[in-house]
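Working notes, structure below.
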Amino acid sequence: MLGAVLSLLLPVSAAADGWAYYGGDPGGSRYSTLGQVNRSNVGQLEIAWTYRTGAVKNNPTLKSIIDFQATPILLPAAAGGHLVVCDPFNTIIAVDPETGKERWRWDPDIDKTPYAGRFKCKGVAWWQDRAAAAGSACEFRLYMPTADKRLFAIDARSGAVCRDFGAGGMVDLDPLIEALKPAVGTQGTQLLSPAAVVRDVVVVSTTSNKFRSEKSVNGAIRGFDARTGAMKWYWDPLVREAADGIEPTPRGVGGANNWTPMSVDNERDLVFIPTAAPAANYYGVHRPGDNKWANSIVALRGSTGEFVWGFQTLHHDVWDRDVGSPPIAVDMRKDGETIPALFQLVKTGMLFSFNRETGEPLFPIEERPVPTDTDIEGEQLSPTQPFPLKPPVLVRNTITPDDAWGFTPFDRNYCRDLIKSMRHGSHYEPMSKKGTIMYPQVGGGSNWGGGAFDPQRNILVTPVAQIPYYVKLLPRDQVDPEYAKRPEAGAPMQKPGYLGDTPWGVQQGPLMSRSFTPCTAPPWNLLVGIDMAEGEIKWKVPFGVLDRLMPIPIPLKFGTPSAGGPIITAGGLVFIGATGDARVRAYDVETGEQVWEYRTPTSAQATPMTYELNGRQYIVFAAGGHSWYDFKGIDDYLLAFALPAEAVRR
């Protein structure tokens, strides 16, 4: 009886040879059972087809703030069988998965005024209306949250708008966001992450700039009826009234939003949401306490928005340590038992593991004392922070003057003096007026690229960065208005007159030598494989070469900045682009050995996907450069790789 009920509630399953969700499956494992391409033949991969979205060519004046970071999905045959991708301006494009030829496109005609940040779209979500007649219009729907705060429903087969959704196919979220009365307005807010569909509810989050004001937009998560577009619930990630010993966060404080993809467990009616820091990023005098549920992994009931369980990975964040990686909800086999697991990577390079049904940790987590002395008047830092006992931290996370590095003695001495001049130590050195070194950088550790999990081997693979970064707080009246124009500005400057009651500005950027190399020894980026059953690191390899980023193209394997994540296949392979060196690669999942590499037209700083069609396996990458890490390479390629036809026939 339960199975019959669930068959009506759960979305139709994609074929075993498809990739129907951003993360491969609703839980985001990024694992494929395909094995046609394997360790013995991966070297034969070749370009099968190429597609260009046209987004860059058609918007040349916006090139500096465009990021093509999408992961396509392959729809089931009943839904059209299209390979569906979105461009940075939320245009949905359906292409033939065998040839790459465009079938249709739908353009939401978003507001392209460059006021709210960069333009990007990571993916599209879909849903089947079980109550609709088979073959009818909008039986299968695509959902697109847009940069200008609208949510659309589109017929998956034809690309036509589903007029019965919201107002003529669209829900305007701006009034809903405005209703929570953000003091700075909603202008700097976007919808950047793919929607999550849990049973018959479409879950949508918001992204807003938390650097500029403590009164940033409320980070509420909202659930909408997948058929009608009516809002069913919303959940404020910050607790506003004292409950169960939790100190409330004042209502005027914003942030704690979700800006990275969510994961879903349809059987249990759960959506897993990683949350960001509260506003403002580096200053918390106005928000005493732990600020739950910011910096957390939270499970909500998909149908109602009810809080089920949560774990805060960092208390009272003043380091911008958002939980910025997609949760990985998988079933793991250990000692003959199936464990409903959830793995959460965080920016510090830590990896937390839970039973996703109960929230109980799979490995012990302990609260350890951390420094709290600070010269920022009124700041009340948490005396402890959570540390998982297993796995170990994936990156270097302490820094002293003895760690100074450079190509020359001059660089080393410069970096040593620089480290000495600022607060330094481990993860949680308090913010300061003289500057504080964050190691790893504000972007991680792990970032939105996240990881992939192999359920046959219990191996999780993820890229991680270990580059030092500094943050210096300075009184608002000392802010140099020209600072934000300088190359070392790592994020928007907090400007006088915009900060609300926050009395500080911020100077920040990577900790670099005079030769513009990081002040700590390479590798600066790694690909890591972790045995999740044992909680042990299996392998680490440098990730990326410097030739494309250096005046003299020397292929030093020191690791490059990256954006994007891996996938794993049953062929024993990890496929990943992500690096700023314009290469895509395959690695042996058991050893970390690189077994394939291809030079792409520009950096593929997105997460790939794979599918099989007519007996041939394809691996698809979006290659579009990056507005920070590969600005010169900004473009809009979709590249599909496969074995030669004759190799497949054999």
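Every number in this text was worked out from the coordinates using simple rules, so none of it is lab data. As the structure is a prediction and not an experimental result, all values here were calculated from the model. Cβ coordinates were reconstructed from backbone atoms using ideal geometry, including for glycine residues, and neighbour counts include every protein chain displayed.
Counting neighbouring beta carbons within 10 Å and listing from fewest to most, the residues V395, V204 come out as V395, V204.
Sort 511-523, 46-58, 400-412 by packing, meaning the average of other beta carbons within 10 Å per residue, with the highest value first. Let's see the in-between values first.
Values: 511-523: 18.4, 46-58: 16.5, 400-412: 14.3.
Ranking the peptides 511-523, 46-58, 400-412 by packing returns 511-523, 46-58, 400-412.
Taking the range 536-574 and a reference point 7 angstrom along Cα→Cβ of D588, the backbone N atoms nearer than 15 Å belong to 538-541, 571-574.
Please identify the chymotrypsin sites (Phe, Trp or Tyr not before Pro) of the range 64-148 that satisfy two criteria: DSSP loop assignment and at most 16 other Cβ atoms within 10 Å. Which are they? Write down the numbers at each step before the final one.
Values: sites: F68, F89, W104, W106, Y115, F119, W126, W127, F140, Y143; in loops: F68, F89, Y115.
Filter output for the range 64-148: Y115.
According to the Kirkwood expression over distinct Cα-Cα pairs, how big is the hydrodynamic radius of the range 422-465, in Å? List each step's numbers first, then the result.
Working: mean 1/r = 0.0796 Å⁻¹.
Averaging 1/r across every pair of different Cα atoms and inverting gives 12.6 Å.
Expressed in units of 2.2 N^0.38 Å, where N is the residue count, the Cα radius of gyration of the range 48-137 is 1.22.
Mean silhouette area of the range 356-434, derived from the convex hull of its C-alpha atoms and averaged over all directions, reads 7.7 nm². Our summary of shape: the Cα atoms of the range 282-338 have principal axis extents of 49, 28, 17 Å, ordered from largest down, in whole angstrom. Scoring 276-284, 218-226 by mean Cβ neighbours within 10 Å over their residues and listing the highest first yields 276-284, 218-226. Here the calculated FRET efficiency for E241 and A167, from their Cβ-Cβ distance with R0 = 25 Å, stands at 0.15, rounded to the nearest 0.05. The mean sequence distance of close C-alpha pairs (under 8 Å, at least 6 residues apart), as a share of the length of the chain, puts its relative contact order at 13 percent.
Suppose R0 equals 35 Å. What FRET efficiency, 1/(1 + (r/R0)^6) with r the Cβ-Cβ distance, do S421 and D111 give to the nearest 0.05? Could you put the intermediate results ahead of the total?
On the way: r = 44 Å, r/R0 = 1.26.
The computed FRET efficiency comes out at 0.20.
Sequentially through the range 365-372, phi angles give Karplus couplings (6.51, -1.76, 1.60; θ = phi - 60°) of 10, 10, 8, 10, x, 9, x, 10 Hz, Gly and Pro residues having no value and appearing as x.
Take each of the peptides 164-172, 342-350, average the number of other beta-carbon atoms within 10 Å over its residues, and list them starting from the highest. If you can, show how the numbers build up before the last one.
Numbers: 164-172: 17.6, 342-350: 26.6.
In descending order of packing, they fall as 342-350, 164-172.
Computed on the Cα trace of the range 225-311, the radius of gyration divided by the Kirkwood hydrodynamic radius gives Rg/Rh = 1.00. Residue separation of A160 and E98 scaled by 0.36 nm, minus their Cα-Cα distance, works out to 20.0 nm of gained length.
Counted residue by residue at 0.36 nm each, then reduced by the alpha carbon distance between them, the extension gain from E367 to F307 reaches 19.3 nm. What base-10 log of the normalised intensity I(q)/I(0) is obtained for the range 2-649 from the Debye formula, alpha carbons as equal point scatterers, at q = 0.08, 0.11, 0.12 Å⁻¹? Scattering profile of the range 2-649, log10 relative to I(0): -0.54, -1.08, -1.32. Simple spin-label estimate for R412 and D174 gives 5.8 nm between the two label positions (7 Å along the Cα-to-Cβ direction from each Cα). Note on the range 538-621: Cα Rg divided by 2.2 N^0.38 Å, N the number of residues, gives 1.12. Applying both filters, DSSP loop and at most 10 other Cβ atoms within 10 Å, to the GluC sites (Glu not before Pro) of the range 294-391 gives E377.
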